[in-house]
Every structure is written in structure tokens, then in C-alpha cells.
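Reading through the C-alpha cells given below for one structure.
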Amino acid sequence: QVQLVESGGGLVQPGGSLRLSCAYSGRIFSIKVMGWYRQAPGKQRELVANITSGGSTNYADSVKGRFTISRANAKNTVYLQMNSLKPEDTAAYFCNIDAGSVGYWGQGTQVTVSS
């Protein structure tokens, strides 16, 4: 059984930084893309950033230059380094693994940016 566990969320002041981690366990064949999504109250879930098996990255315009996605294959982990955080970054952040015919989601970790 595949499990994704996110960590690293919390309360941070505007301008601060957080690093999210998503560690997965279980057997996943042929991971295509690993990514981070977020969902604020009353809004749809949106893509924040993703990284392909080849290492190509993609970011939402709203986070470009502030967030960095990376992966540690040996640790089955994907990270999201978030700098210069803004109140509008407040949301639940979810890890996703796209394995082609099947996708997996974590349970989410809350990020709150507030003074």
C-alpha cells in the first residue's frame, strides 16, 4: 500500500520560509511526476510546482522565484522550499505522485502566513 506523508507546515510571518517534505512508502511503478498542490478555503486545488522523473520543473506563476521543488530519490522524498512567503500562500498543501495510470495524494499539511 502506497502512503504519502507530508510534513513541515506551520505558522510563519510574511517574508519567512518553510520547507515542506513528502515521503512516500510502498511500491510505485514508473513515477512520472511528483508535485505539490495547495487549496485555500473556498478555492479549488491548484498546482504549485511539479518535477518530472527527468528532473524538469514547473511552477505556478504566483510562486516563481520564491518556491523551489526538489526530490531525493534515495529517500523517496520530494521537497518544497518556500521563501518570501505571503499571506496569499496560506493553504493546505498536498503532495501528489503521478504514476501514469494511477495517482496518489498525501493527507496535506497546513501552511499559514500571518503576522
Self-check item: Percentage relative contact order, the stretch 9-115, counting C-alpha pairs under 8 Å, at least six apart
Solution: 38 percent
Exercise. Give me the net charge of Ala91's neighbourhood, meaning all other residues with Cβ under 15 Å from the Cβ of Ala91; Lys, Arg count +1, Asp, Glu -1.
Key: +1
Quiz item: Calculated FRET efficiency, Val102 and Lys43, Cβ-Cβ r, R0 30 Å, to nearest 0.05?
Solution: 0.70
Practice problem: Return the sequence-ordered ³J(HN,Hα) values of the stretch 76-82 in whole Hz as given by the Karplus equation 6.51 cos²θ - 1.76 cosθ + 1.60 applied to θ = phi - 60°, using x for Gly and Pro. | Solution: 6, 9, 10, 10, 9, 8, 10
Quiz item: Can you give the net charge of the other residues whose Cβ lies under 13 Å from the Cβ of Ser62, counting K and R as +1 and D and E as -1?
Solution: +1
Self-check item: Solvent-accessible area per residue, Å², over the chain with all protein chains present [probe radius 1.4 Å]
Solution: 54 Å²
Exercise. With a 1.4 Å probe and every protein chain kept in, tell me what percent of the accessible surface of the stretch 1-66 is carbon plus sulfur.
Key: 46 percent
Exercise. Report the local net charge at Tyr79: Lys and Arg +1, Asp and Glu -1, summed over other residues whose C-beta lies under 10 Å from its C-beta.
Key: +3
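The values are calculated or read from the model by the stated rules, or taken from the named source; none is laboratory data. In this text the structure is predicted, and so the values were computed from the model without any measurement. Backbone-built Cβ (ideal geometry, glycine too); neighbour counts: all protein chains shown. Just the protein is used for accessible areas: all its heavy atoms, side chains included, with ligands, DNA and RNA removed. Shrake-Rupley method; radii C 1.70, N 1.55, O 1.52, S 1.80 Å.
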